[in-house]
Structures are given as C-alpha cells and as structure tokens.
1. List the trypsin sites (Lys or Arg not before Pro) within segment 202-246 that fall in a DSSP loop (any state other than H, G, I, E or B) and whose Cβ has at most 14 other Cβ atoms within 10 Å.
2. Take peptides 361-374, 462-475 and line them up by average Cβ neighbours within 10 Å, highest first, as a rough protection proxy.
3. Could you tell me which of G519, S440, L331 has its Cα farthest along the dipole of the chain towards the positive end, charges placed at Cβ (Lys, Arg +1; Asp, Glu -1), taken about the Cα centre?
4. Going by the alpha-carbon gyration tensor, a ≥ b ≥ c the square roots of its eigenvalues, is segment 558-665 rounded (a/c under 1.5) or, if a/c is not under 1.5, prolate (a/b greater than b/c) versus oblate?
5. Using the Cα centre of segment 412-564 as the reference point, and only Cβ charges (+1 on K/R, -1 on D/E), how large is the resulting charge dipole? Debye, rounded to the nearest 20.
6. Using amide H atoms built in the peptide plane, which far-off residues or other-chain residues are under 5 Å from V367 H to H?
7. Over the heavy atoms of D89, what accessible area does a 1.4 Å probe trace out, to the nearest 10 Å²?
8. Using Cα centres only, tell me the gap between segment 337-364 and segment 305-330 in whole Å.
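The values are calculated or read from the model by the stated rules, or taken from the named source; none is laboratory data. Everything numeric in this text was worked out from a predicted model, so none of it was measured. Counting neighbours? That spans all protein chains shown, and the Cβs are built from the backbone with ideal geometry, glycine included. For accessibility, only protein heavy atoms count, side chains too; no ligands or nucleic acids. Shrake-Rupley method; radii C 1.70, N 1.55, O 1.52, S 1.80 Å.
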Amino acid sequence: MKIQARHLKQSRLLVALLPALFILSVSYVGAAPYATWRLPKGTKVRLNKGGAGRVVYSPDGSLLAVASNVGIWLYDAQTGEERNLLTRDNTSVSSILFSQDGQTLASYSPGKVVRLWDVKRGQLLHTLRWSIGMAFSPDGQTLATGNGETSIFFWDVKSGRSLRTFTEYAHPRLVGFSLSPDGQTLAANDRKTIRLWDANGKRPKRLLTEHTDSIMSMSFSPDSQTLATGGQDTKLHLWDVGTGDLLRTLEGHTDWIIGVSFSPDGQTLASRSRYGKLRLYDVSTGNLLWMLERQAGGVHREAFSPDSQTLVNWGWDHIIRLYDVGTGNPLRTFIGHTWEIRSAAFSPDGQTLVSRSADQTIRLWDVKTGAPLRTLTGHIYRVNSMTFSPDGQTLADAGNYRSTVRLYDINTGDLLRKLEGHRMNVESVSFSPKGETLASGSADSTIRLWNVNTNDLLRKLEGHTGSVSSVAFSPDGQTLASGSADNTIRLWEVKTGNLLRTLEGHTEEVNSASFSPDGQTLASGSADSTIRLWEVKTGNLLRTLKGHIGSVSSVAFSPNGQTLASGGTDDTIHLWDLDTGSTLRELIGRTKEVNSVAFSPDGQILASGYADTPIRLWNVHTGRILRTFRGHTGGVECVLFSPNGQTLASGSTDGTVLLWDLTTK
C-alpha cells in the first residue's frame, strides 16, 4: 500500500455511532448515526469528524459547539452525545461564536466567509462574503465583521442585510477590532493606532496613539469603560473609553504582549507575553498581583472562571493548571491529554472545564475535583493511509499525532478495534492477502505485524533508519516490502520476520512500493523523481523509469501486471508500458500534486487523489476523465478501491475518510 510520509505527526482515530437527539425542520437528522450526517454527494459513509478547531459553550451551558474541518458539531454538554452537524458543502470552519441569547451561531471559514446559523433548527440563515472576525451585539440582533483590509461591517442578523460600514483605513491596513460588551463602542486598530467609534453610527470618537510598535491584543473591561492594549513595544496600556485618555501603563513585560483579558468582575487584568510569561494586575491600582514565569510547557493561553476567582492556563506540556486569582497559589492540575493543549474554557456555571488537545480529543473535567468527566473523540487531523481487508468489509486507516491503527466496519462506520504500539505516527498500513495479518509502518522507523482477530503483536521488524512510508505484502503473503526515508526498500520474510534483502539505489526517500500481481517484480517511487523496478527473487534492478520532474508519491500496478501508474508532485500521472519502459500516456487533471493512484479491480479505471482536494476517475485506455468527486476540505492523501470495485475510499488531511458509492452516477 502506498502512503506518502511527508508530515511526521502522531494520530488517533475514533468513530462511534450515537443517535441524534436534535430535531430539525428542513435538514432533519433523525436517529441516523452521525457517520451518515450531511454527506457530500455521492458518498455513503464518513469515518471520523474532521480535525477540531475552537470549542465553545452555548450561553446556557447546554451545548458544546466544535469547529471542525467538515463543519460545526453540536454536542450535548452533559452527556457528550452528538446533537447535530451544521455544514454547508462540508466546508471547513475555524472559528465559531454564539450570540448571547444562544439562538444564533456565527462561523468563520477560510476564504473570508462568515455564516449565520439558527441553532435550534440547524439551518443556515445567511452567508456573509469577504468577512473575517466576528462580534455579536449584546441583544444578538447585529453582527460585526471585518474584511481584513480597510473596513468593518455591521449586519442585521435576521435579514443578513448590511446596516453600516466603518471605513477609515486606506493605509495602513486594518489589523483587528473589538466590540465593547455594551455594544456602544467599536475599537479597531491598524499597526500602531487604535480608533474608537460610536458603534451605532459612523462617527469616530477617539484616536489612541501611544503605542510605538505593532498592537497585538486588546480587550474591553466588562463595564465597557476601559480598554486594555498590548503590543510589540512591550507596553500594556489602559485607556478611558469615554475620553480616550491614557489611564496608566502597567510595567513589567520585557517582550511582546500577545494576549490581554479582563476578569468577568473587571477587577483583574491578565497579560501574556510571547515566550509564556503571565502577569496579573489589579486594575484599580495598576499593581502587579502575581506572575508566572515560563513553565516547562509555556503559557499558551489563559481564561478566567465566571466568578473571577480562578484562572486556568495551559501550554505545550499536556497539563492544564488552575490558580487562585487573588494569591496566585496553584489549586490543581488536570492530567489526561497526551499532547499539546490547544484551548480550554469554563462552562457558564464554572463547574466544568472543556479542553481541546492535539491528541485529537476534547475532554470535560470537574473543576472542583479535577476528575475527568467524559471525552469527545473522532476529531482526527489527518489520514495518511488506508487498506481494505480482502473481503472488503473492513477498512484500516492511520494518520498523524497518534501511534494508532483503527479498523472500521465499512457498512456501519463502527470502530471494530485499535492496534496500538508504535511510538510515533503510523504512515502506512496494509492487509495480508488472507486478511489475518496487518502490517503498519511508522515514523519510529519500525514495522509491526498484527493479528487483526486478536489484536496481538506478532512481530516487530527493525532495520530502517528513517520513517517507514510504505508497506506492501506480496500476493502470496510470504514477503513484505517496506520503503523508507532512509532511501532504501527492505524485503522481509513474513513468517519469521527475517530480513531477506535490502534494495539500494534511490538517492532520496522512498514514498511508495508495490508488488506486481505475479509477485515477481517490485516497483518503488521516490522523491528523487524516479521509479525503479526490482526483481524480487534476486533484488536486482531491472529498470529505472524517468519522466516525472518532481517527487514520485505513489505507484500502482494494473491487475494484469502490464501497466504501472505513477503520480507525483509535478501534478502529473504517468501510465507506463512495463514491457518497454515507455510512457503510454500522461494524465493531467489541472490540479495540484498527485498524492495517490489506484487501479480498479478490473483495471479499466484509475483513481487519483490530489493535494487540492479533488478525486478523479480516469479511463485507463483513453486517458479521459470519467468522474470528479469533491467532498474533502483538505488534500486527498490516499485513494483505494474496495475488492468488489463498488466503493472508493479516500483519506484526507481534513481528518476524514469518505466512502464513495460507485454503483450510482
């Protein structure tokens, strides 16, 4: 099986089938499992939920909203059950914001698109183009957005109509903006200057000019009377919003100030510098209350509890820490994540903490005791490799950030089992011809052979000195080939785990290896732009195929063994005549970087996956495009036909596997 190893991250995949409890009017979900919710046209199952972004509570604390690569997932905050998926064409969402009444959710997607959603009905209300940044008015009837250039827009939430535009930034460009909690004042900054506007009109109120370098953060006090700003000049300023006067400058930081936030009661200000130093100040006096020097894991972000008595911070060391705001004394730690913490937030009642990690889990914690309450899973960041079992009923996949291989029932999306043991991310997986053994190649430079019925590790193959990017069984199941970033291919005896021979000749990493149907020839594709054909029995080099001008990402034999397909970063697919070594034809799909190629079982169709998201089906004999599938929001890393040819599986950097129905047009 071909897998391209370009990103060495660990992965973890999980899909559970839970009933939908959310009642919709038009886009009804009903009791169907979430693996079939809001599928792209032509697909029948989605495995995984896509990589997770921002996580927020609804104002009443009943829902958790999770931004993801396929849309917005809504969870019951008490049970952790999936309630709904809000998506428009499976568009990636990076940021989300509830209105204060909880009735409307705003989402931001790449391409400067903001969407407004009716939370209760799960319906898309409006799409606002050329918009970034989001801020609701207190009554939830107005949304402010910026265009990232010179303007800020105010929109009527009910109608989607533009109400007014604030434009006073021809040069330099608008960098950021914030709406005061009372909705009366708009603060917007370019590089060094902040303008305050009356949010209900277009009249500038004040111009704040004390910063001498780029402003990186600003925050209104809860009563809307004070504005805190910090920047690259290491200055932390407090301003009177009504007069524009500089109230005081809080001393102490010696590096860029990248974050400022007021406690909910407005009495304390937290400020965070570029390299993880956190300072808390008394707002009324400007005195430093306490500070945290950079910890082993740094201070990535911080947040106050709703009662302003507790501060949570998190960093790169997998640990979440709680402090007493008044004294700075540590209260407790939350330990359970196995990778960097990306975000954390208190529930509106302050009793629960939610955290999101690069370990691909979202965890809920009891604030009082520190005990874990539940874990939300399935938000996978990347799928690197897939393999079907010979009977076509099971799909195994692997991705980044975790050292786990997961096996799914393709008919239901149920997770059947997990295979764990690698120390780093798994780059390639392959079933043996009989389906009893699965091989996995990892960035930890090892190959593991598993009994898929018992989960037992059969043996561990060591010898490579670089990431193992490809593993493939010979048709008789007796030999395993592995390609590596150490520029070699190794052939192993499956029964004993003994190394049979090492194939050397490539000058850069080997991305893909594939056996011919008769098992006598092995093809390898490399970042050195060549494809090499090897005699399996002797290890002799038979032929070198040259034609690509970039890295060869994937190679695949046709079922009759007469043709080899190769795809590369030069955006092309080559079909090679193996008798002559010449190119039969070159397939160009006007897309970026071919990551994966696969023949259909009858050899009539070639599937290709690309870095810019499409999947194409080609007529092998004519070179014509038969169909194009679009549904992923990230690059397609791997494509694979089921043994009966009726399903095409595609794995993507968006963290999902889509199963496409080829029996329908």
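1. K202
2. The densest-packed peptide leads the list: 462-475, 361-374.
3. Toward the positive end, the furthest listed residue is G519.
4. Because a/c hits 1.5 or more and a/b fails to exceed b/c, segment 558-665 counts as oblate.
5. It works out to roughly 200 debye.
6. Close amide H contacts, sequence-distant or interchain: T352, L353.
7. 130
8. Centre-to-centre (Cα) distance: 13 Å.
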